[in-house]
Structures are given as structure tokens and as C-alpha cells.
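Read through the structure below, which is laid out as C-alpha cells, and then see the notes.
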Amino acid sequence: MESPVPVPPYSVCVIGNSHSAAFAKAWTERVAPELPGVSMTFFAASSQRLRHLVHADGALTTHEPELAEAFAVSSGGNTRIEIDAYDAFLLVGLGMRITVPSLCGPFGTLRHRSWGPVETLVSEACFAAMVEAALQESQAFWLIDQVRAAGPSPVLLCATPFRSEEEASYSFRNKNRRFADDTFRGKVIAQCQQIGSALAARHGGEFVWQDESTVSIAGFTRAEFARGAHRLAESERDDGLHMNMDFGQIMLTRALTRLDEIAGGVVFGTDQLPGSSFEGRFAATSG
């Protein structure tokens, strides 16, 4: 019987804000033991501190002591991201958020009027440009450009998760008839994700959108994934914005599955291709 073909080491760099904590927990406690041929290094800090990140000499680095310290803690000692040292990049959170009221505000198209009054009517092209401009404010797109300038390493983006469904009853749903309609929110979210995917592709990246298994009603995450959430400061209380290890595991597995497809089976190995026991074990975890 032939011996399995050795799996070359595959290194992933994760850059993110507090939302990356759920991914890190899932990686350390559940996924990493199953993938000995994969390394994953986390560079995490608050969004405010990440603004001090700069590109110099083929690396992402900082002269800001607090950001350097945060990186050292999350990465296990590294304060400098050498771009060519990694096979792939995963960008988590970083202000990439699809929230219907924020993206729409008083604006809407003729189609949107089917679900309620629109204070300021705009064309479809104008609406798409507004959404794109809002998404492009995220530091993630600057990061993609820096990675892409250094080489062809794949860059995946995981947007900030939707709020917990427990907030739906006292959130924007009662403030505007359009926003309160689940069908309307679902259609706008799908439209915004399409715009975001096209924007990411132009920068040389790719979105991995929130898994449908974690979504309750359109624009809200199932409450179970927000309980016992992980953040950079674990002493903080659940806030309905951050998610737990179960959520991190589902999303991390989606990202790794996509990277495995891009790399031709290198991530999961020759006996762990997509559709194998690995994907089955980690696709969903919460009862």
C-alpha cells in the first residue's frame, strides 16, 4: 500500500479586530489539531489601533507601541507581518459590515419603495456606488492592496457578523417600515453582498460571507452564536455584536475550505479534500 503523499506546510496569516477572537479560539481548540500541515498566525487588535499599521519593506508593521504589543500577544511574539512568509491571508471584521439601515439611511431606489416610503430616491447606480463607498472605507481593502503588491497570495475577507437576533425586537425594525420587512432586508443584503464581492474582486480578494446556518432572520445572527462570545478582552460581557467559538469554527472552516479549493487540496491534504470527513465534522457544531 502506497504511503500518503506528504502535505507541504501551508501558512495562513489572520489580520483582524476583536471579531477575530472567535476564529482564534476555534482554531486553537478545535481545528488546528486536525490540520497538522497548516499553521495560522493571528495579528489582532482593536480597529482604532490597527489604523497605525503601515507597509514598509515588504512587511506590515507599526511604530505604535500598543499595536505592537497587541500583535505580540495574539501572534505569540511577532510584531511584524512579513507578507511573503504566508501562503494566504484572512481578514476578519475590520469594519466590513452590512447593516441595512446604515447603508440605506433615507435613500432608496424605485424597487425599494415597494416595501415602504423612501425619503430620498436615488438610481440603482447611485445606490450601488453608495454601498461600495461605505464598504471601501474598511481598512481591509488597503490591506488587500499591500498583499497584492507583494505577490499572488489569496486574500479572503470575513465581514463583521450580523447582530444577535435578540436585539431585533428593540432595534431598527420598529423605526422604519421598509427596514422592518424581512424580505426587504434580505434583498438589500444580497444586493450589498454582490456589490461587496465585485469590489473585493477588483482589489484581488474574495469575500466569504456569513454562513446561512448562523442566520436567523435576515440581518440577524442566531442568538446561540452570540452567547459566551469571545473578544480581545475576555472580561467584557456579551454584547450581541461578538460571536463565540461555534461561530468562529463554522466561518473558519468555510474560509479554509475555500483556500483548499484555491490551493488544489493542499490545505486539507490528499485524503481530506472538500466533501471529506473534515468538512463534515466542522461544518456545524451547535445543537
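R0 = 25 Å: FRET efficiency of Glu132 with Glu64, Cβ-based, nearest 0.05?
On the way: r = 30 Å, r/R0 = 1.18.
Here the calculated transfer efficiency is 0.25.
From the phi angles alone, apply the Karplus equation (6.51, -1.76, 1.60; θ = phi - 60°) to the stretch 205-210 and give each ³J(HN,Hα) in whole Hz, x where the residue is Gly or Pro.
x, 8, 7, 10, 6, 4
Let me know the whole percent of all Cα-Cα pairs from the stretch 1-82 that are separated by more than 20 Å.
39 percent
Using the Cβ atoms and a cut-off under 14 Å, what net charge is assigned to the surroundings of Glu124, where Lys and Arg are +1 and Asp and Glu are -1? If you can, show how the numbers build up before the last one.
Numbers: positive: Arg111, Arg113, Lys187; negative: Glu132.
Charge balance in the 14 Å sphere: +2.
Nearest 500 deg cm²/dmol is fine: what mean residue ellipticity at 222 nm does the chain get from its DSSP H runs of n ≥ 4 alone, each adding -39,500 (n - 2.57), divided by its residue count? Before the final figure, lay out each step's value.
Working: 10 runs with 103 residues, N = 287.
Calculated from helices alone, the mean residue ellipticity at 222 nm is -10500 deg cm²/dmol.
Report the Cα-based extents of the stretch 77-147 along its three principal axes, largest first, to the nearest Å.
If we take the Cα atoms of the stretch 77-147, the spans are 53, 21, 16 Å.
Which of Val118, Thr99, Ala88 sits closest to the plus end of the dipole of the stretch 72-135, meaning its Cα is farthest towards the positive end, when Lys and Arg get +1 and Asp and Glu get -1 on the C-beta?
Looking along the dipole axis, the top candidate is Val118.
Quick one: if the Förster radius is 30 Å, what FRET efficiency do Arg113 and Ala190 give, using the C-beta to C-beta distance and rounding to 0.05?
It comes out at approximately 0.95.
If you place +1 on the Cβ of every Lys and Arg, -1 on the Cβ of every Asp and Glu, and leave all else neutral, what size is the dipole of the stretch 1-160 about its Cα centre, to the nearest 20 Debye?
In debye, rounded to 20, the stretch 1-160 gives about 480.
Suppose every K and R has +1 on its Cβ and every D and E has -1 on its Cβ; what is the size of the dipole of the stretch 95-215 about the Cα centre, in Debye to the nearest 20?
The calculation lands at about 340 debye.
How long are the three semi-axes of the equivalent ellipsoid of the stretch 18-169, in whole Å, if each is the root of 5 times an eigenvalue of the C-alpha gyration tensor, listed from largest down? List each step's numbers first, then the result.
On the way: eigenvalues 239, 72, 44 Å².
Equivalent ellipsoid semi-axes, largest first: 35, 19, 15 Å.
Mind grabbing the base-10 log of I(q)/I(0) for the stretch 83-234 at q = 0.09, 0.12, 0.13, 0.14 Å⁻¹? Debye formula, identical points on the C-alpha positions, no solvent, two decimal places.
-0.33, -0.57, -0.66, -0.75
Dividing the Cα radius of gyration by the Kirkwood radius, what Rg/Rh value follows for the stretch 69-110?
1.28
Going from the alpha-carbon gyration tensor of the chain, what semi-axes, largest first and in whole Å, does one get by taking the root of 5 times each eigenvalue?
33, 22, 19
For the stretch 45-88, I need the span (max minus min coordinate) of the C-alpha atoms along each principal axis, in Å, sorted largest to smallest.
Rounded to whole Å, the extents work out to 25, 21, 15 Å.
At a 10 angstrom cut-off on C-beta neighbours, averaged per residue, how do the peptides 222-232, 109-119 rank from highest to lowest? Before the final figure, lay out each step's value.
On the way: 222-232: 20.2, 109-119: 14.8.
Highest mean packing first, the order is 222-232, 109-119.
Bear in mind these aren't lab numbers, they're just calculated from the coordinates by the rules spelled out. All values reported here derive from a predicted model rather than from experimental measurement. All Cβ positions, glycine included, derive from the backbone under ideal geometry; neighbour counts span all protein chains shown.
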